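Structure first, then comments.
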Amino acid sequence: MSIIQAIIIAIIEGITEFLPVSSTGHMIIASSLMGISESDFTKIFEIAIQLGAILSVIVLYWRKFFDFGKWQFYIKLAIAVIPALVLGKLFSDKIDTLLESPLVVAITLLLGGIVLLFIDRLFQKQSITQDKDISYGRAFVIGIWQCIAMIPGVSRSASSIIGGMQQKLTRTLAAEFSFFLAVPTMLAATVYKLFLKEYPSASGEIKGYKIVLGSTANTQAFVIGNVVAFIVAIIAIKFFIGFLQRHGFRLFGIYRIIAGIILLLLIYTGYLK
């Protein structure tokens, strides 16, 4: 992966991580179109690059994250992230296999788009407007919804926001809670990929961080990619909240359907494998 390719992937991650369009799915497609080979570093990069994006949430909502007097906020995030931690550990290898499939992404983009067309009509009577009113039980259910996004193309943002709205959160609060939940979720995924998961090598199994540090090119791509993702994600979050308040999810649904159809055509014609 070249520096230019890493920057392109990082821009895509920064834009799509918090939009209901699937950042992982877009990165898989971009990697395929640019001819980036499926290596252990590529798989690590496509997960760890999200670290830069989630740091943007901490910067934008720093008052929330560092208000240690409201300890319930941290407990709710901890409870909500439990399902992803358990299922992510159990199905890590299966998820890695799915990450190699543009066809899976195309289908889930299309189906998810159809769902988003009707979400605003389906959830019209939302009563929870502040995170202090989110119960521990509701937080756990939202965490379960988030796990659907382990299928590439579903979108962690979309599934957790829909889960929030199903639990009576307003669109804006559901989106913000989805942002907050991204921090422990993606931090855990990054730590696992870098420090816990072992990858085969000529000298035996090796940790992910050693692969990142194994060459100057890998290290540069990793650092620059996270910096770019951080900057772009800040802009994307500000845009998304304002857009969501005014227009809802319908346009995102239309985009996903169009993107899914185009991808299916590219795969059918053999242009995208």
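FYI, it's all coordinate maths here, none of it is from the lab. Values in this document were obtained by computation on a predicted structure and should not be read as measured data. In this analysis, Cβ positions are derived from the backbone assuming ideal geometry, glycine residues included, and neighbour counts consider all displayed protein chains.
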**OP:** Could you work out the local net charge near Gln50, counting Lys and Arg as +1, Asp and Glu as -1, over the other residues with Cβ closer than 12 Å to its Cβ?
**Re:** -1
**OP:** Would you pull out the residues with amide H under 5 Å of Ile206's amide H, same chain only if 5 or more places away, H placed 1.01 Å from N?
**Re:** Tyr199, Ser201
Subject >> Length-normalised contact order for segment 3-268 - Cα pairs under 8 Å, 6+ apart - percent >> reply: 37 percent
Subject >> CD proxy at 222 nm, helix term only [per DSSP H run n ≥ 4: -39500 (n - 2.57); per residue of the chain; nearest 500] >> reply: -23000 deg cm²/dmol
Original post:
Tell me, what HN-Hα J-couplings in whole Hz come from the Karplus equation 6.51 cos²θ - 1.76 cosθ + 1.60 at θ = phi - 60° for each residue of segment 135-151, using x for Gly and Pro?
Top reply: 6, 5, x, 5, 4, 5, 5, 4, x, 5, 4, 4, 5, 4, 6, 5, 7
Original post:
Karplus couplings for segment 9-23 from phi (6.51 cos²θ - 1.76 cosθ + 1.60, θ = phi - 60°), rounded to Hz, Gly and Pro as x?
Top reply: 4, 5, 5, 4, 4, x, 6, 9, 4, 9, 8, x, 10, 6, 5
Original post:
How long, wide and thick is segment 142-273, going by the Cα atoms along their three principal axes, in whole angstroms, largest first?
Top reply: 53, 40, 28
Subject >> Cβ-based exposure ranking for Asp67, Asp120, in which fewest neighbours within 10 Å come first >> reply: Asp67, Asp120
Original post:
How far, in nm, would the chain grow between Ser101 and Val86 when pulled straight, counting 0.36 nm per residue and subtracting the alpha carbon separation?
Top reply: 3.1 nm
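Work through the residues other than Phe240 whose Cβ is under 12 Å from its Cβ and net out their charges, Lys, Arg +1 and Asp, Glu -1.
Numbers: positive: Arg171, Lys238, Arg246; negative: Glu17, Glu176.
Around Phe240, the charge tally is +1.
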Original post:
For the Cα atoms of the chain, what angle does the longest principal axis make with the long axis of helix 250-268, in degrees from 0 to 90, nearest 10?
Top reply: 30 degrees
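Please sort by residue number the trypsin sites (Lys or Arg not before Pro) in segment 114-204 whose DSSP state is loop and whose Cβ has at most 12 other Cβ atoms within 10 Å. Before the final figure, lay out each step's value.
Values: sites: Arg121, Lys125, Lys132, Arg138, Arg156, Lys168, Arg171, Lys193, Lys197; in loops: Lys125, Lys168, Lys197.
When the trypsin sites (Lys or Arg not before Pro) of segment 114-204 are filtered for loop state and at most 12 Cβ neighbours within 10 Å, Lys125 remain.
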**OP:** Show which lysines lie in cross-link reach of Lys132 when reach means a straight Cα distance below 21 angstrom and same-chain residues fewer than eight apart are skipped.
**Re:** Lys64, Lys70, Lys76, Lys168
Subject >> Bins of 10 Å, starting at 0 and running to the largest distance - Cα pair percent for the chain >> reply: 7, 30, 37, 20, 5, 0
